[in-house]
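So the structure is just underneath, and the comments pick up after that.
The values are calculated or read from the model by the stated rules, or taken from the named source; none is laboratory data. Everything numeric here is computed off the predicted structure, so don't read it as measured data. Ideal geometry is used to build each Cβ from the backbone, glycine not excepted, and the neighbour counts take in all protein chains shown.
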Amino acid sequence: MNVWLSHHFYALLLALKRLSRNPFPSFLSIIVIGIALSLPAGGYMLLGNLQSLSGHISGSPQLSLFLSMDSGSTDLSKIGSRLKQHPQVSSFNFIPKDSALEQLKQGSGLADVVDGLSQNPLPDAFVINAKNSDPVVLESLRSELQKWPKVDHVQLDSVWAKRLDSLLNLGQLAVLMLATLLSFALVAVTFNTIRLQILTRRDEIEVSKLIGASNGFIRRPFLYFGAIQGMTGGIVAWLIIALGIYLCNDALADLASLYTFDFRLQHLSSKDCLSLLLFSTWLGWVGAWLSVTSHLSQIEPR
């Protein structure tokens, strides 16, 4: 066990030494990895914030239930009682047709037209707050309410919710595709970096094989090098996202104040940050493993 740990500790020190020997090329590789990782990770962060913002703006989903013109007080009472007992209804507000006409008169600028009407053309209505914001559930609730007696029409403005849901799903797919493509690119970057190291240390590897070093012993420092490079690139990606959030939040605060609500971009959660670091480390390890495996077998002592 002690021998195994000493081998890994030696490989780790050797990888760090190789990084320090070529600081500028290593720095450039890490920056490239960080920028590439920050694109899908930043997109994922933005999607999470957009979902939070959409929930903040939309609030509780609403339906407008319009009654028939011949509805009486008994019908209103029955519908109100059924709405109180309905499991999908969070709350509701009754709007008498006289109040609706008065609001139309004051808010539309058509006071003269409204005063000229011989009778009130507006029906009594209930504005209903639903418990569930799922567009499918809301549509099912709308269909159910439409069948109630004395209900003339139920309006549900769910088009925006469906469009937003579709756009977010499309955004998630785009982020996933971008992450996949950039992952292959980062593996290729690490592959070429390790390949150059193997070629420059060909004589050293041949001598190591001559004195009995196993492929695993030779491979180990390169794997640590790739993993460290990938992990450091993940840290750079996190810093890029944090800087972007810091620069954008002041401008977003001014914009949000115009709409009378507070909104600030939130960083990735601790779990997402850990996933980013582990994923970047794994990509570096995979690139190094592929490079060492493909080239090490071609180097034999002469």
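Within the range 72-90, track down each residue that is in a helix (DSSP H, G or I) and buried (at least 16 other Cβ atoms within 10 Å of the Cβ).
Within the range 72-90, Asp75, Leu76, Ile79, Leu83 qualify.
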I need a count of the residues in the range 133-192 that are of a type in the set (S, T, N, Q), modelled with pLDDT of 80 or more and outside any helix (DSSP H, G or I). 1
Which of the residues belonging to the range 13-29 are touching a helix residue (DSSP H, G or I) at 6+ places or on another chain (Cβ under 8 Å) and charged (D, E, K, R)? Arg18
For the range 278-291, state whether one or more residues are in a loop (DSSP other than H, G, I, E, B) and either at pLDDT below 85 or farther than 14 Å from Thr232 by Cβ (or both). no
Run down Asp152, Asp165 and say which single residue is out of contact with any helix residue (DSSP H, G or I) (no Cβ under 8 Å at 6 or more places or on another chain) and not aromatic (Phe, Trp, Tyr). Asp152
Would the range 195-215 turn up any residue that is within 16 Å of Leu283 (Cα to Cα) and either part of a helix (DSSP H, G or I) or outside the structural domain of Ala15 (by TED's automatic domain parsing) (or both)? yes
Considering the range 280-297 alone, what residues qualify as being among the hydrophobic types (A, V, I, L, M, F, W, C) and surrounded by fewer than 19 Cβ atoms within 10 Å (Cβ to Cβ)? Trp282, Leu290, Leu296
